[in-house]
Amino acid sequence: MLSSLLRTDGPSRVRARCCSIIRSLLTLPALLAAPGFTAAAQPAAATPAEADWEEIVVVANQLPRPARVVGSTVTVLDAADIDVRRIDLGAELLREVPGLAVSRSGQVGNVTQVRIRGAEGNHTLVLIDGIEANDPGFGSEFNFADLLTYDIGRVEVLRGPQSALYGSEAIGGVISITTAEPTVGLEAHAEAQGGSFGTTQFGASVAGGTDAIAGRLSAMRYDTDGISASAIQPEKDGYETRTVHGKLDVALGERLSARVVLRQADNEVESDRQDFDFPPTPTEGLIVDSDDVAESRQRHALLQLDAELFDGRWLQRAALSYTDTRSDNLQGGERLSGNRGERRKLEYRSTLRLGDGAWRHALTGAVQRELLSFEALSVEFADANQQRDDDQTSYVAEYALTFGRRGGLSVGVRHDDNHRFDDATTWRATASWLFEAPMTRLHASYGEGITNPSFVELFGFLPSSFRPNPDLEPERARGYDLGVEQSLFGGRVVADLTWFQTELEREIVTVFDPNAFVSTVINEPGESDRKGLELALDARLGGGWSLTGSYTWLDATEPDGRREVRRPRHSGSVNVNYAFAGDRGNLNVGVIHQGEQQDNEFVSATPASRVTLDDYRLLTAAVTWRASPRLELFLRGENLLDEDYSEVFGYRAPGAAGYAGFRARL
C-alpha cells in the first residue's frame, strides 16, 4: 500500500535533483552512526544552548525556531491573548492581525473569508493541529464561519507566499491553529454564556493522564437566532455549530512518541439569497429573505509518529492526515444540491541538527503524497452530478542556520509532481539579524506560491448560472518582504515595520457571458500586484497595563489597474488590557478600523459594476472577574458604537450586542 501511495508518473531532472538532496539528508545520520566514525565527531551531550531549539515559532520552518532568528513575518496569539478578549469566533480574533482582511456575508455563520496581504480567500492555507483543513469541496478554501475560539491554545499567522513549505493554497500565507494540549494529572473546564440575538454558547473540556499517555477532549456548541442579512426584508436567520475535538499523546519509548487527533464540526445556517430571478424584479441584485439552509460537516484526523535519535540530533516524523467534508443546500426543507470533498495526505520528514556553539545547522528532507477527491450532487440538474479526483507527490528540502542568539537564515525548495497539472518547483529564503546594542532586528524573506484550480472551477456545472473551465492553469506568485523590529525601553515596547510586495500571475477570475447569461472562470492575462506596509506594536506599560496595535496600508490591483474587491486600503486595530485587583480582574478594550473598500454589485438599474463600501469602526470590551480560584465571571460587548456597516455588498452586519457568562474549573 505504501509503495502505491508514493509511486510517481515519471522522473524529471528537477525531481531527481531534489530526491538526491533528500537521500543525502536521510542517509547522513546512518553514516554518523557507522563504527568507523570517530568518537570526537559524535553528537555532544545537550548544553544550555539547546534551549534555543525550544518551540517558539512553529509554522515558519520545518522545525520550531526562536522568533528572533525567523526571517519571515509571523504574528503569534497565545492562550492568554485569546482569554482576555473573550472573543467566541476565530475570524473576529484575526481582525487584529496586520495584513489580514476579514469578510463575512452578513450574520454570524455565513461564509467568512480571510485574505492575507491582498490575496484571495483560497490563497490562505489553514492548519488545525497540523492538519490541512482547507475544504476540497469548497473551492479549496477554509470557511472561518465555523471556527470557535474555545479551547484554542495558540494561533500563528505566517504571511507571504509559502508554497515551498506547504504547497498549494499558500500564496497569501498560512494560519496555524493549535488546540490546548493534554496535561499530566486531571483537569476539567466548563463554560456557558448567553446574550443578544438569542445567542448561547456552551463548552466543556477534560484533560489528563501520565507521562506515558495523556489526552484531551473538548466539546462546544454555539447557537444564535441571528439577524436578517437582507437590508430590505426583516426575517431573522439562525445559526448553530457543534464541534468535538480530541487529542491523545502516547510515549511509545524514551525517544518514540505518537499523537492522534480527531475533530468533527457540524453546522447549520439559515441564509438569505441574492435576487437573480429572470425576468428581473425590482430587487434584482439585492439580498432578499428566503428559506435557504446550508448544512455542512467537517471531519479531520491525524496519526503522527515522532522519533528522536542521537540525543535529539536526528528527528523523524511520519504522519497520515485525513480531511472529509460535506455540504448540502436546502430550500423549503428539500435538498437541492451538495458536494463532498476528501484529502488524504501521507508525509515522511527527517531533520538532522548539527552544531552546539554559535553555528547550528538543521537539514530537513521530506516526501509527501496527497490524494484529493470531489463529488458534486444536484437534484435539479442530472448533468451536474459527478466525481473527480487528483493526486500529487511532493519532495521538500530545507536548510536552516542559526547564529547563536543573533540571527539565522533558511533556504527551502519544493518540487510538486502533479497528476493533473504541470510539475512545479517553488523556492523560499529568509534571513534575520539582531543588533544587540540598539536592540534592532532586521528580517527579510522571499517566497514563491502556487494555487491549483479548485474542482469547482475545473468541473463545477450549474446550467442556469455557471460553466466550468477544465483548461485552467495554476495561479503562481512570487513575493518578498523587508522589515525592521525595534525594541525600546528595555524591551517593554517592541515595534515592527514591514514592507511587502507580491506579484500574481494567471489569476483565476470570474467573468460573465451576457450571450449565454452564465458565468465562467478564466486565467486573467497579465500580473496582479499586491504591495503594502504593515506596522505591529506591542507595549507592556507596567501597573497591569498593556497595549497592542496594528496598521496595514494595502495596494492590491488587478492587471488593468483596478483595485481588488474586499481589500481595504487602510485597516488597523488598537487593544488595551488592564489587569487589576491583584490580577483577579481584567478589562480589555479593542477598536478595529476597516477602511473603505470596493465590492461587486449586480443591480441592473445602476450603470456601475462596482460599489464602494463605507469604512467602519468596531468597539469591543470585555470585563473578567475571578470570583474564586475555580470560577470566572465575564461580560462582553460587541460593536458598542452600533455601527451600521456591510462587509459584503447587500449583506447587513450585526449591531450592538452584549453577552454574559462564566467559566469554571472543576
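Observations, loosely collected:
- Among the conditions (1) farther than 22 Å from residue 69 by Cβ; (2) open to solvent by less than 70 Å² (accessible area, probe 1.4 Å); (3) of a type in the set (Gly, Ala, Ser), residue 464 misses just one, which is (2).
- Selection from the range 143-162 of residues that are in contact with a Gly (Cβ under 8 Å, 6 or more places away or on another chain) and under 17 Å from residue 119 (Cβ atoms): 144, 157, 158, 159, 160, 161, 162
Conditions tested, residue by residue: (1) under 22 Å from residue 468 (Cα atoms); (2) buried (at least 18 other Cβ atoms within 10 Å of the Cβ); (3) out of contact with any strand residue (DSSP E or B) (no Cβ under 6 Å at 6 or more places or on another chain).
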{"residue": "314", "(1), (2), (3)": "no, yes, no"}
{"residue": "324", "(1), (2), (3)": "no, yes, no"}
{"residue": "351", "(1), (2), (3)": "no, yes, no"}
{"residue": "379", "(1), (2), (3)": "yes, no, no"}
{"residue": "391", "(1), (2), (3)": "yes, yes, no"}
{"residue": "397", "(1), (2), (3)": "no, yes, no"}
{"residue": "400", "(1), (2), (3)": "no, yes, no"}
{"residue": "407", "(1), (2), (3)": "no, yes, no"}
{"residue": "424", "(1), (2), (3)": "no, yes, no"}
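- Flag if residue 317 is within 30 Å of residue 275 (Cα to Cα) and modelled with pLDDT of 95 or more: no
- Residue under evaluation residue 224, criteria (1) β-branched (Val, Ile, Thr); (2) out of contact with any helix residue (DSSP H, G or I) (no Cβ under 8 Å at 6 or more places or on another chain); (3) surrounded by 18 or more Cβ atoms within 10 Å (Cβ to Cβ), criterion not met: (2)
- Residue in the range 554-565 that is open to solvent by 60 Å² or more (accessible area, probe 1.4 Å) and in a strand (DSSP E or B) present: no
- With respect to the conditions (1) in a strand (DSSP E or B); (2) within 30 Å of residue 376 (Cα to Cα), residue 168 falls short on a single one, namely (1).
- Residues within the range 637-653 that are more than 15 Å from residue 615 (Cα to Cα) and open to solvent by 40 Å² or more (accessible area, probe 1.4 Å), tallied: 2
- Among the candidates 368, 331, residue that is polar (S, T, N, Q) and within 28 Å of the chain's Cα centre (by Cα): 368
- Filtered by the rule that a residue be surrounded by fewer than 20 Cβ atoms within 10 Å (Cβ to Cβ) and part of a strand (DSSP E or B), the range 654-666 gives 657, 658, 660, 662, 664, 665.
- Flag for residue 249 being among the acidic types (Asp, Glu), more than 30 Å from residue 650 (Cα to Cα) and open to solvent by less than 60 Å² (accessible area, probe 1.4 Å): yes
- Given (1) closer than 22 Å to residue 507 by Cβ; (2) open to solvent by less than 50 Å² (accessible area, probe 1.4 Å); (3) at pLDDT 95 or above, index of the condition residue 459 fails: (3)
- Flag for residue 551 being open to solvent by 50 Å² or more (accessible area, probe 1.4 Å) and free of Cβ contacts under 8 Å to residues at least 40 places away in the same chain: no
- Of residues in the range 297-312 being open to solvent by less than 30 Å² (accessible area, probe 1.4 Å) and closer than 19 Å to residue 374 by Cα, the one nearest to the chain's Cα centre (by Cα): 300
- Hits in the range 494-521 (condition: open to solvent by 60 Å² or more (accessible area, probe 1.4 Å) and either assigned to a strand (DSSP E or B) or touching a Ser or Thr at 6+ places or on another chain (Cβ under 9 Å) (or both)): 497, 499, 510, 512, 517
- For the range 203-218, the set of residues classified as in contact with a Phe, Trp or Tyr (Cβ under 8 Å, 6 or more places away or on another chain) and either open to solvent by 20 Å² or more (accessible area, probe 1.4 Å) or touching a residue at least 60 places away in the same chain (Cβ under 8 Å) (or both) consists of 218 only.
- Of the residues making up the range 427-456, those that are in a strand (DSSP E or B) and open to solvent by 70 Å² or more (accessible area, probe 1.4 Å) number 5.
- Residue satisfying all of: in the range 148-164; aliphatic (A, V, I, L, M) and open to solvent by less than 10 Å² (accessible area, probe 1.4 Å); nearest to residue 372 (Cα to Cα) among these: 164
- Test: residue in the range 174-197 that is closer than 30 Å to residue 448 by Cβ and among the small types (Gly, Ala, Ser): yes
- Among the criteria (1) part of a strand (DSSP E or B); (2) under 27 Å from residue 480 (Cα atoms), the one residue 61 does not fulfil is (1).
- Of the residues making up the range 409-422, those that are open to solvent by less than 20 Å² (accessible area, probe 1.4 Å) and among the hydrophobic types (A, V, I, L, M, F, W, C) number 1.
- Conditions (1) free of Cβ contacts under 8 Å to residues at least 60 places away in the same chain; (2) within 19 Å of residue 581 (Cα to Cα); (3) open to solvent by less than 80 Å² (accessible area, probe 1.4 Å); (4) within 29 Å of the chain's Cα centre (by Cα): number failed by residue 622: (1)
- Flag if residue 340 is open to solvent by 50 Å² or more (accessible area, probe 1.4 Å), under 21 Å from residue 453 (Cα atoms) and at pLDDT 90 or above: no
- The lone criterion from (1) in contact (Cβ under 8 Å) with a residue 40 or more places away in the chain; (2) within 23 Å of the chain's Cα centre (by Cα); (3) within 22 Å of residue 459 (Cβ to Cβ) left unmet by residue 421 is number (2).
- Checking each residue in the range 353-377 for being of a type in the set (Phe, Trp, Tyr) and surrounded by fewer than 20 Cβ atoms within 10 Å (Cβ to Cβ) picks out only 359.
- Residue 241 meets all of the listed conditions (1) open to solvent by less than 10 Å² (accessible area, probe 1.4 Å); (2) over 30 Å from residue 286 (Cα atoms); (3) not in a loop (DSSP other than H, G, I, E, B) but one, namely (2).
- Residue in the range 178-197 that is in contact with a helix residue (DSSP H, G or I) (Cβ under 6 Å, 6 or more places away or on another chain) and farther than 30 Å from residue 505 by Cβ present: no
The values are calculated or read from the model by the stated rules, or taken from the named source; none is laboratory data. Just so it is clear, the model here is predicted, and its values are computed rather than measured. In this analysis, Cβ positions are derived from the backbone assuming ideal geometry, glycine residues included, and neighbour counts consider all displayed protein chains. These accessible areas exclude ligands, DNA and RNA; they are computed on the full protein's heavy atoms, side chains included. Shrake-Rupley method; radii C 1.70, N 1.55, O 1.52, S 1.80 Å.
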